[in-house]
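The values are calculated or read from the model by the stated rules, or taken from the named source; none is laboratory data. None of these values were measured; they are calculated from a predicted model. Glycine also receives a Cβ, built like all others from the backbone with ideal geometry; neighbour counts cover every protein chain displayed. To get the accessible areas, we keep the full protein, side chains included, count just its heavy atoms, and leave off ligands, DNA and RNA. Shrake-Rupley method; radii C 1.70, N 1.55, O 1.52, S 1.80 Å.
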Amino acid sequence: MKKIAVLTSGGDSPGMNAAIRAVVRTGIYYGMDIVGIRRGYLGLINEDIVPMSLGSVADIIQRGGTILYTARCEQFKTPEGQKQGYDVLKKNQIEGLVVIGGDGSFRGAQILSHMGIPTIGIPGTIDNDIPCCDTTLGFDTAVNTAIEAIDKIRDTATSHDRTYVVEVMGRHAGDIALHVGLADGAESILIAEKTFDMDEVISRLERGVARGKKHSIIIVAEGAGSGVEIGKYLMDHTGFEVRVTVLGHIQRGGAPSARDRVLASQLGHQAVTLLQSGVAGKMVATQGGRIHAVDFDTVFTTPREPDMSLYDIAEILSI
Ligand code: ADP
Ligand code: F6P
């Protein structure tokens, strides 16, 4: 393989830059030409392609976001859009593609693979919602960002004897909420994967106050409902002073954690190594701490849920 491309697609996540760097430098190490496609599949269709040198990825391992930019592109979901993308790849003699993104992005990658352009996917999303994968790129950083913010909220919550409802990201997955809730000693963690009873949430709050707690934190996953509405419900049904914080996109930015930088470097390196040895149509990830490659089809058909043992532990520890 003489020339490969790399793109980032869907929501950005901390560590994408470190993965781009690993792809570019591994490719150059193997003697390949590397190009970057800007703004995901949109840039592919628009032929927004830039050469990537060793220097082009200098000083980015520590930077959040993605130097290649990212986008969502409805046009690429159509056969016409996919044909346009394929033609651009052929025209530019691009023989392989690394796609850094979530499962939607992998669907696009699989289609290109079926059309004859070998692709490898790297799971990049803060949500951690991809099967066959210990953690997605950016998840660790997002959890740490949320924890740092909530530690600050805790200070003011204690000063004012307040209850805080904190809504964290996770459109279809409660992973961020679970990890943050456990790491922050939350009274309750509300996630879509587990039905919750507001009466129980309230009695946990009341038990905490009865034993002298100065503050209470309730973590709500975005996919489980609106933090604002849950906060209003608690205000209306208790005598507590409740405030709501929606952490939002702050969780998507910032310098990647050490763990995400290491993961990005491992996966970027492995993605190019696989392409170079003729493997395609797969996602690279770690599972049980080991790097593996798994067919996109398996990724799309394997059910997944967060590690619910964390939920059980959090319930016991916040008794
Ligand atoms: P993520 O990759 O984070 O799951 P999206 O689901 O928004 O994010 O997908 C990112 C992009 O991947 C979409 O905007 C689109 O360009 C492409 N994509 C998503 N689903 C498909 C599909 N079924 N077929 C082709 N391309 C797709
Ligand atoms: O998939 C990552 C994610 O941050 C989700 O947690 C969130 O629901 C969504 O993206 C937000 O997307 P947007 O950037 O379009 O607001």
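Identify, by number, the condition in (1) within 25 Å of Lys232 (Cα to Cα); (2) among the polar types (S, T, N, Q); (3) touching a helix residue (DSSP H, G or I) at 6+ places or on another chain (Cβ under 9 Å) that Thr119 doesn't meet.
The one condition Thr119 does not meet is (1).
Please go through the range 10-38 and pick out each residue that is within 15 Å of ligand 1 (Cβ to nearest atom) and either open to solvent by less than 10 Å² (accessible area, probe 1.4 Å) or in contact with a Cys (Cβ under 8 Å, 6 or more places away or on another chain) (or both).
First, the residues of the range 10-38 that are within 15 Å of ligand 1 (Cβ to nearest atom): 10-16, 19, 37-38.
Matches in the range 10-38: Ser13, Pro14, Gly15, Met16, Ala19, Ile37.
Restricting the first residue to the range 79-103 and requiring it to be within 24 Å of Ala22 (Cβ to Cβ) and in contact (Cβ under 8 Å) with a residue 12 or more places away in the chain, which pairs with a second residue that is open to solvent by 80 Å² or more (accessible area, probe 1.4 Å) and not hydrophobic (A, V, I, L, M, F, W, C) meet a Cβ separation below 8 Å and a spacing of at least six or different chains?
Partner pairs satisfying both residue conditions: Gln93/Lys2; Glu95/Lys2.
Kindly indicate which of Ala142, Ala146 is within 14 Å of ligand 1 (Cβ to nearest atom), in contact (Cβ under 8 Å) with a residue 40 or more places away in the chain and open to solvent by less than 60 Å² (accessible area, probe 1.4 Å). Don't jump to the end; show me each part of the working.
Details: Ala146 fails: within 14 Å of ligand 1 (Cβ to nearest atom).
Only one candidate qualifies: Ala142.
Looking at (1) at pLDDT 95 or above; (2) over 29 Å from the mean Cα position of the chain (by Cα), find the lone condition where Lys213 falls short.
Here Lys213 meets the rest and fails (1).
Could you check the range 104-141 and list, in sequence order, the residues that are in contact with a Phe, Trp or Tyr (Cβ under 6 Å, 6 or more places away or on another chain), of a type in the set (Gly, Ala, Ser) and not in a strand (DSSP E or B)?
Initial filter on the range 104-141 (in contact with a Phe, Trp or Tyr (Cβ under 6 Å, 6 or more places away or on another chain)): 106, 108, 110, 115, 121, 126, 128.
With the extra rule that they be of a type in the set (Gly, Ala, Ser), the set shrinks to 108, 121.
Result: Gly108, single match.
For the range 39-87, name all the residues that are open to solvent by less than 80 Å² (accessible area, probe 1.4 Å), within 26 Å of Thr141 (Cα to Cα) and of a type in the set (D, E, K, R).
None; the set is empty.
Among the strands (runs of 3 or more DSSP E) confined wholly to the range 178-255, which include 3 or more residues that are surrounded by fewer than 15 Cβ atoms within 10 Å (Cβ to Cβ)?
Numbers: elements: 188-190, 216-221, 242-246.
In the range 178-255, there are no strands (runs of 3 or more DSSP E) which contain 3 or more residues that are surrounded by fewer than 15 Cβ atoms within 10 Å (Cβ to Cβ).
Evaluate the following for Glu95: is it crowded, with 16+ Cβ neighbours inside 10 Å and of a type in the set (D, E, K, R)? Give the steps one after another, and end with the answer.
Working: crowded, with 16+ Cβ neighbours inside 10 Å: yes; of a type in the set (D, E, K, R): yes.
When the stated conditions are applied, Glu95 passes them.
Here is a list: Ile61, Ile4, Ile34. Which entry is in contact with a helix residue (DSSP H, G or I) (Cβ under 9 Å, 6 or more places away or on another chain), at pLDDT 95 or above, part of a loop (DSSP other than H, G, I, E, B) and on the phi < 0 side of the Ramachandran plot? Break it down stepwise before answering.
Values: Ile4 fails: part of a loop (DSSP other than H, G, I, E, B); Ile34 fails: part of a loop (DSSP other than H, G, I, E, B).
None of the others qualify; the one that does is Ile61.
Of the residues that make up the range 246-269, is at least one touching a helix residue (DSSP H, G or I) at 6+ places or on another chain (Cβ under 7 Å) and over 25 Å from Asp140 (Cα atoms)?
Within the range 246-269 (the criterion being touching a helix residue (DSSP H, G or I) at 6+ places or on another chain (Cβ under 7 Å) and over 25 Å from Asp140 (Cα atoms)), the answer is no, since none of the residues qualifies.
Please find, within the range 85-103, the residue that is farthest from the chain's Cα centre (by Cα) out of those that are more than 13 Å from Met283 (Cβ to Cβ) and part of a helix (DSSP H, G or I).
That would be Lys91.
Applying the selection to the range 60-78, what residues are β-branched (Val, Ile, Thr) and free of Cβ contacts under 8 Å to residues at least 24 places away in the same chain? Full working, then the answer.
Filtering the range 60-78 down to residues β-branched (Val, Ile, Thr) leaves 60-61, 66-67, 70, 78.
Scanning the range 60-78 gives a single hit, Thr78.
On the basis of being more than 31 Å from the chain's Cα centre (by Cα) and more than 16 Å from ligand 2 (Cβ to nearest atom), does Glu229 make the cut?
Numbers: more than 31 Å from the chain's Cα centre (by Cα): no; more than 16 Å from ligand 2 (Cβ to nearest atom): yes.
Taking the combined requirement at face value, the residue does not satisfy it.
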